[in-house]
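What follows is a short report on a single structure.
The values are calculated or read from the model by the stated rules, or taken from the named source; none is laboratory data. These numbers were taken from a predicted model, which means no experiment stands behind them. Using ideal geometry, Cβ is built from the backbone for each residue, glycine included, and neighbour counts are taken over all protein chains shown.
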């Protein structure tokens, strides 16, 4: 439904470079990335409000690269709603209908579906954040767009409204089959709403794929760091193992051409006593830092000069206080060591979150 | 920034028959010195920055996303201006107009150079004060204060409401 080919958008001080993106009809697709990665700029390029230097944008098989926004049939819902403040709720919802030539959706059903019946005469400034976002959704859907772009639609809402609206977007997507392209920072939101994702960084798409694949098998050090693989090291392949400095860890299918490894903190076991677990990598280190996160703790362990992040669920180390410098034992299963072809700068590299 | 008598001198220099612009005006039978046209020209010159600043602030306070959304809903550039931009900016345009007029009412230095006659209120106050004294200038001054008060009340009434633009 949306196809972006070799797209380059250059602004003073920032550029989107060689963007390739394909969103299938009826798919919900999430654009993920840190702040400043260019996600919103990409949405606006697809919308047609920023000039494109190179490449093509196709929507429903039609090349819309040179078309003005009003002829693209692309709806957008922004994080800050962008409702027209001089119009009431009803006037906002019907705003675009006079410009639509094709069949329009049943407005009464749409209003009922979004729970806006009692708000129609209200002024915009008297609405809550959740109500504003529902009006913004109704306004976009009222003109039957080919695709709907969502720019962090849930970010500005408080947690209660956020869950309600998230469920509503999911149901609307399932029922209407509309193609969704959304920008989000929230992994849970992306997993709940989207089937596939693209991770953006510094104006480029680093990796595209299903959410499961991207989170389980990051292809670059940046993506690994972004999806939470905090243990990210440059490594050398040595037979059936990888070498990080003086450490040698067994891993699955090492093969050739890999230059980095990544391990999720939750896959690093930590205990006060050595564990008798055959087939896994055993490391001994000293506790450097414990950060209490409520139900769990972030732990940093130094092993021969290499810092490992682990998560203690309050079972492994017991409930007694741990002290800095205390000797602890780490276990890492070979299958939890993820191999990455690109090298990472320095000993470790963390990205994104 | 420019002293206002200098504005008057500059305008008269431009409109004189020794300047090509003055010759064009003469050919069009437009006279600046001592005419209502001259007064309007000089007051427009000194008041225009007030109008431009107020309107500029008004347009800049409209989030560009409102226009983006309008166009995504099918409205053309001109339809977006008429249905979104103008309704949100008209108050600022009116504020600019009132500011411009208020500035014009208070102008003396440039007007007195360009057109002593026909007399505007500020020149009349000056003339009455210098020719007849304080007592004779006071009625015109009070009238001018009332006009300024009307402008002030109008300004309060039409100024953009805080909640009108997100």
inquiry  = Go through the range A:259-276 and report how many residues are in a loop (DSSP other than H, G, I, E, B) and surrounded by 13 or more Cβ atoms within 10 Å (Cβ to Cβ).
reply    = 4
task = Restricting attention to the range B:127-166, report how many residues are closer than 30 Å to residue B:59 by Cβ and either away from chain A (no Cβ under 14 Å) or modelled with pLDDT of 95 or more (or both).
result = 13
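So, in the range B:89-126, of the ones that are within 14 Å of chain A (Cβ to nearest Cβ) and touching a helix residue (DSSP H, G or I) at 6+ places or on another chain (Cβ under 7 Å), which residue ends up surrounded by the fewest Cβ atoms within 10 Å (Cβ to Cβ)?
Ranking the candidates gives B:91 first.
Matching residues to (1) surrounded by 14 or more Cβ atoms within 10 Å (Cβ to Cβ); (2) in contact with a strand residue (DSSP E or B) (Cβ under 7 Å, 6 or more places away or on another chain); (3) under 15 Å from residue B:120 (Cβ atoms):
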| position | (1), (2), (3) |
| --- | --- |
| B:10 | yes, no, no |
| B:15 | yes, no, no |
| B:18 | no, no, no |
| B:22 | yes, no, no |
| B:25 | yes, no, no |
| B:30 | yes, no, no |
| B:36 | no, no, yes |
| B:47 | yes, no, yes |
task = Might you check whether a residue that is in a loop (DSSP other than H, G, I, E, B) and surrounded by 15 or more Cβ atoms within 10 Å (Cβ to Cβ) occurs anywhere in the range B:130-144?
result = no
task = Filter the range A:42-55 down to residues that are in a helix (DSSP H, G or I) and either more than 10 Å from chain B (Cβ to nearest Cβ) or touching a residue at least 40 places away in the same chain (Cβ under 8 Å) (or both), then give me how many there are.
result = 5
request  = Name every residue in the range A:26-41 that is surrounded by 15 or more Cβ atoms within 10 Å (Cβ to Cβ) and either within 14 Å of another protein chain (Cβ to nearest Cβ) or over 22 Å from residue A:195 (Cα atoms) (or both), in order of residue number.
outcome  = A:40, A:41
inquiry  = Can you say whether residue A:61 is at positive phi and without any contact (Cβ under 8 Å) to a residue 12 or more places away in the chain, as far as the supplied structure shows?
reply    = yes
Number of the condition not met by residue A:80 [criteria: (1) facing chain B (nearest Cβ under 8 Å); (2) surrounded by fewer than 16 Cβ atoms within 10 Å (Cβ to Cβ)] = (2)
message = Can you confirm whether residue A:149 is touching a strand residue (DSSP E or B) at 6+ places or on another chain (Cβ under 6 Å), within 14 Å of chain B (Cβ to nearest Cβ) and at pLDDT 95 or above?
response = yes
note = Restricted to the range A:238-253 and to residues being under 30 Å from the mean Cα position of the chain (by Cα) and surrounded by fewer than 19 Cβ atoms within 10 Å (Cβ to Cβ), the residue farthest from residue A:305 (Cα to Cα) is A:253
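Is the range A:120-138 home to any residue that is under 30 Å from residue A:225 (Cβ atoms), within 14 Å of chain B (Cβ to nearest Cβ) and touching a helix residue (DSSP H, G or I) at 6+ places or on another chain (Cβ under 9 Å)?
Looking through the range A:120-138, none of the residues is under 30 Å from residue A:225 (Cβ atoms), within 14 Å of chain B (Cβ to nearest Cβ) and touching a helix residue (DSSP H, G or I) at 6+ places or on another chain (Cβ under 9 Å).
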query = Restricting to the range A:144-153, what's the tally of residues that are surrounded by fewer than 22 Cβ atoms within 10 Å (Cβ to Cβ) and within 16 Å of residue A:72 (Cβ to Cβ)?
reply = 2
key: Identity of the residue in the range B:66-88, more than 7 Å from chain A (Cβ to nearest Cβ) and farther than 14 Å from residue A:86 by Cβ, that ends up nearest to the chain's Cα centre (by Cα)   = B:78
inquiry  = Any residue at all in the range A:98-107 that's assigned to a helix (DSSP H, G or I) and either within 19 Å of residue A:69 (Cα to Cα) or within 11 Å of chain B (Cβ to nearest Cβ) (or both)?
reply    = yes
message = Can you confirm whether residue A:291 is more than 24 Å from the chain's Cα centre (by Cα) and crowded, with 17+ Cβ neighbours inside 10 Å?
response = no
query = Do you know which of the residues in the range A:84-97 that are at the interface with another protein chain (Cβ under 8 Å from one of its Cβ atoms) and surrounded by fewer than 24 Cβ atoms within 10 Å (Cβ to Cβ) is nearest to residue B:91 (Cα to Cα)?
reply = A:86
note = Here the residues within the range A:56-72 that are assigned to a loop (DSSP other than H, G, I, E, B) and either more than 8 Å from every other protein chain (Cβ to nearest Cβ) or surrounded by fewer than 20 Cβ atoms within 10 Å (Cβ to Cβ) (or both) are A:60, A:61, A:64, A:65, A:66, A:67, A:68
